[in-house]
Amino acid sequence: MTTTATRAEYCVIACAEAWRDGGEVLASPMGLIPSLGARLAKRTFSPGLLLTDGEALLVGTDGTVEGWLPYRRHLTMVTGGRRHVMMGASQLDRFGNQNISCIGAWERPSRQLLGVRGAPVNTLNNPVSYWVPRHSTRVFVERVDMVCGVGHDRAAEAGVSRFHRLPRVVSDLGVLDFGGPGHSMRLVSLHPGVTLAQVRAATGFELAVAGGAGADAGAGVPYTREPSAEELRLIREELDPRGLREREVRG
């Protein structure tokens, strides 16, 4: 087995890190890469993490049923902050406002998407991270067309920041958080093989950078951590032996 990680595997590792030291919380990963990350976290450094089958059962990393989670209990965990969800985003701005509802003015959108769904309650009551498989200026925008998930600026303006937490954004280019000025988005690591110039060119707003604003990787921006040999084995042999992760992230 080769010990060189692929871009997709770095993304799995970066998603897994979102649940590090979270304790006994319900993981709600949306999408293949976040799901692999959550299962890897539970198998390694976050054994107390709770996983579900997407409906009403608590399951182990192999799908074995471990318990029952009725809808009312699930809502209690959501409103009580005992869940960490990793959602997708059709649009995401510098303060973490997320759009999954429509493209264009909502009165007459050019494209209808999923709809607001549970994004407002998620972002105001429990930690919400984001997964973006294609980092581009179409997703990372100056202003979202409609706010679904609430960002730092709007939460502060409405006085609802007490339980508002957006720990990280993972894309196919790197890892970001909201440690920039005024809780704006900040690049904290690049996936190996990616340059700072690439990330900036694919982002539709001025991006804060951890460690300074140097011209490229090596000027203060660390790389996403390397997976261990055991983590690579788990990903390749047990969690995703069919290699579906490589279809979602290329490079």
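With a ≥ b ≥ c the root eigenvalues of the C-alpha gyration tensor of the stretch 103-207, is it rounded (a/c under 1.5), prolate (a/b larger than b/c) or oblate?
On the way: a/c = 1.86, a/b = 1.23, b/c = 1.51.
Oblate, since a/c reaches 1.5 and b/c is not below a/b.
Counting heavy atoms of the protein chains only and a 1.4 Å probe, report the per residue accessible area for the chain as a whole number of Å². Walk me through the numbers on the way to the answer.
Values: 11790 Å² over 251 residues.
Value for the chain: 47 Å² per residue.
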Q) Under a GNM of the chain (C-alpha, springs under 10 Å), which listed residue has the highest mean-square fluctuation: Arg165, Arg39, Arg117? A) Arg117
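Quote the relative contact order of the stretch 161-202 in percent (integer), defining contacts as alpha-carbon pairs under 8 Å separated by 6+ residues.
Details: 45 pairs, mean separation 11.9, N = 42.
That works out to 28 percent.
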(Q) Using a 1.4 Å probe on the protein heavy atoms, what percent of the accessible area of the chain belongs to carbon and sulfur? (A) 52
Q) Mean residue ellipticity at 222 nm from the helices of the chain, using -39,500 (n - 2.57) per DSSP H segment of n ≥ 4 over the full residue count, to the nearest 500 deg cm²/dmol? A) -6000 deg cm²/dmol
Q. Mean Kyte-Doolittle of at least -0.5 and a Cα length of 15 Å or more along the axis: which whole DSSP H helices of the chain meet both?
A. 32-43
Q.
Once each part is reduced to its C-alpha centroid, what is the distance from the stretch 1-42 to the stretch 80-149 in angstrom?
A. 21
Q) Percent relative contact order of the chain, based on C-alpha pairs within less than 8 angstrom and at least six residues apart? A) 20
Q.
Using the basic label-point model (7 angstrom from Cα toward the beta carbon), what is the Ser161 to Ser136 distance in nanometres?
A. 3.4
Q: Output the peptides 182-190, 132-140, 46-54, 67-75 sorted from most to least packed, where packing is the average of other Cβ atoms within 10 Å over each peptide's residues.
A: 182-190, 132-140, 46-54, 67-75
Q: Leaving ligands, DNA and RNA out of it, rank Val85, Val65 by accessible area with a 1.4 Å probe, largest first.
A: Val65, Val85
Q. In square angstrom, rounded to the nearest 10, how much accessible surface does Phe45 have for a 1.4 Å probe?
A. 40
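Given axes a ≥ b ≥ c from the Cα gyration tensor, I'd like to know whether the stretch 1-155 is rounded (a/c under 1.5), prolate (a/b larger than b/c) or oblate.
Values: a/c = 2.08, a/b = 1.35, b/c = 1.54.
In terms of gyration-tensor shape, oblate.
The values are calculated or read from the model by the stated rules, or taken from the named source; none is laboratory data. Worth saying up front: this structure is predicted, and the values here are computed from it rather than measured. Neighbour counts are summed over all protein chains in view; Cβ atoms, including those assigned to glycine, are modelled from backbone coordinates with ideal geometry. Only protein heavy atoms, including side chains, enter the accessible area calculation; ligands, DNA and RNA are left aside. Shrake-Rupley method; radii C 1.70, N 1.55, O 1.52, S 1.80 Å.
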